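These notes are about the structure you will find just below.
The values are calculated or read from the model by the stated rules, or taken from the named source; none is laboratory data. All values reported here derive from a predicted model rather than from experimental measurement. Methodologically, a virtual Cβ is constructed for each residue, glycine included, from the backbone with ideal geometry; neighbour enumeration extends over all protein chains shown. Only protein heavy atoms, including side chains, enter the accessible area calculation; ligands, DNA and RNA are left aside. Shrake-Rupley method; radii C 1.70, N 1.55, O 1.52, S 1.80 Å.
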Amino acid sequence: MDIKKRYFDYAATTPVHPEVIKAMRPYFDDIFGNPSSVHSFGQEAKTAITNARDSIAKVIHAKSEEIVFTSGGTEADNFTLSGVAEAMAKKGNHIITTTIEHHAVIEMCKFLEKHRGIKVTYVQVDKNGLVDPEDIIKAITSQTILISVMQANNEIGTIEPIAEIGKIAREKGIYFHTDAVQTFGSLEIDVEKLNVDLLSASAHKLYGPKGVGLLYIRKGIRILPYLHGGEQERRRRASTENVPGIVGFGKAVELAEQEKHERNEHLTKMRDKLIKGILENIDESQLNGHPTKRLPNNVNVTLKYVEGESMLLNLDLEGIAASTGSACSSGSLEPSHVLKAIGVNPEVAHSSLRFSLGRLNTDEDIDYLLGVLPRIVKNLRAMSPLYKKSK
Ligand code: PLP
């Protein structure tokens, strides 16, 4: 008998919305022109990009010319850090970020430290993964050129006080970047209210296609291009545009605007039911991340005395797709840097699971998961000498 497959890994990626596929389809063949070409084929493609840019800009209260399309969230993060570091080299060489950023920020910071003489302060977070704005203030030096703090964490779902940090940066005349990859299309994003100068997003997290993202760059911000070799994106990002991808991104954002309030309400209910069900039915379990300031779709739990990978395999056999942490670090033996940062013991960190919910999940999915997970954990613990010893 075929088992029904149930997906709980929407933070890793999402299925493309059928309306998005419909919107993209003509741009693979009928309207295939290069947007830089002067003929009508090219101009039609260019118009499609302009329309997508305009509608996305409107949603986040930005100007159209402040949006640069990229190949995804990673490029937007890398572009910010390297572009600002190079453009602002005369002003200073210090960047502030946090210990729980996505690797697209952390690894780029490490690269800049090693190869570009940049100094980076990685601000610690509290046990719920929250950044204290006071700690950002303390980290500022006369050399600080950029502060980068994510709007919400991809592993534990904690939502950061971005507007407050942005205000601090603004008052000190320091650029402020936020990685909004997990919040775009879900939380309210107004670049004015959030006081952000730069913001990264990625289409595949909001039912759009993979391989397309954006960097919002506030007018007047000094940043050098990351890719060179063409006039595209007002000379800020060379390379022929991913026209179907950009059209799909535009459509995905439009749909998210229409659907997000109702969806978030449903996601929050399912999330809370799942958290309650796990904590009540599995002993030695704990929730990671902030209890209330968290993404509507994120559940991250530690279930002591069982290996995350073993749980994933067993869940997969029951048709359930989940994750042990961020998609990028799955399969690595290193404990998650995020769980480490919130003080989860490295041994216990390996016993963690992330369930991220999305638009196709139902209450029945949650009931099914709550029926399966305690049994899997019980069976695995039955083989754990450590668990037996603890009893
Ligand atoms: N930033 C965050 C917070 C993410 O969750 C991800 C993807 O998991 C990225 C950046 C990278 O985005 P992309 O996959 O579009 O490169």
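Brief remarks on what is shown
- Calculated on the Cα set of the range 99-163, radius of gyration then Dmax: 12.2, 33 Å.
- Structure note, pairs 58/91; 167/219; 58/251: Cα-Cα distances above 23 angstrom occur for 58/91.
- Put simply, the range 129-241 fits an ellipsoid with semi-axes of 25, 20, 11 Å; these come from the alpha carbon gyration tensor as the roots of five times its eigenvalues, largest first.
- Accessible surface of the chain [probe 1.4 Å, protein heavy atoms]: carbon and sulfur percent: 53
- Fluctuation leader among 372, 123, 181 - the chain, Gaussian network, Cα springs under 10 angstrom: 372
- Between 138, 119, 172, the residue with the greatest mean-square fluctuation in the GNM of the chain (Cα pairs under 10 Å linked by springs) is 138.
- For the range 188-334, average projected area of the Cα convex hull in nm²: 12.5
- Once the C-beta distance of residue 266 and residue 5 is scaled by a Förster radius of 22 Å, the resulting FRET efficiency is 0.65 to the nearest 0.05.
- Close amide H contacts of residue 212 (hydrogens built in the peptide plane, cut-off under 5 Å, sequence separation of 5 or more or a different chain): 203, 204.
- Alpha-carbon centroids, the range 92-118 and the range 161-202: separation in whole Å: 18
- Projected over all directions and averaged, the alpha-carbon convex hull of the chain occupies 20.5 nm².
- Contact order for the range 79-210, expressed relative to its length and based on alpha carbon pairs under 8 Å spaced 6+ residues apart, stands at 22 percent.
- Highest-fluctuation residue, 345, 195, 300 considered, GNM on the chain with Cα pairs under 10 Å: 345
- Rounded to the nearest 0.05, the FRET efficiency derived from the C-beta distance between residue 87 and residue 286 at R0 = 41 Å is 0.40.
- Under the Karplus curve 6.51 cos²θ - 1.76 cosθ + 1.60, θ = phi - 60°, whole-Hz ³J(HN,Hα) for the range 299-309, x wherever Gly or Pro sits: 10, 10, 10, 10, 10, 3, 6, 9, 6, x, 5
- Table column - 3J(HN,Hα) (Hz), the range 348-358, Karplus curve with 6.51, -1.76, 1.60, x for Gly and Pro: 6, 4, 5, 9, 10, 10, 10, 10, 10, 8, x
- Average accessible surface area per residue within the range 18-255, 1.4 Å rolling probe, Å²: 42
- Hz values of 3J(HN,Hα) by residue in the range 32-47 - Karplus curve (6.51, -1.76, 1.60), Gly and Pro given as x: 9, x, 7, x, 8, 7, 7, 6, 5, 4, x, 5, 5, 5, 5, 4
- Under 5 Å from the amide H of residue 148 lie the amide H atoms of 96, 97, 177, each residue being 5 or more positions distant or on a separate chain, with H modelled from the backbone and absent for Pro and chain starts.
- Residue 324 long-range amide H proximity, modeled H, under 5 Å: 354
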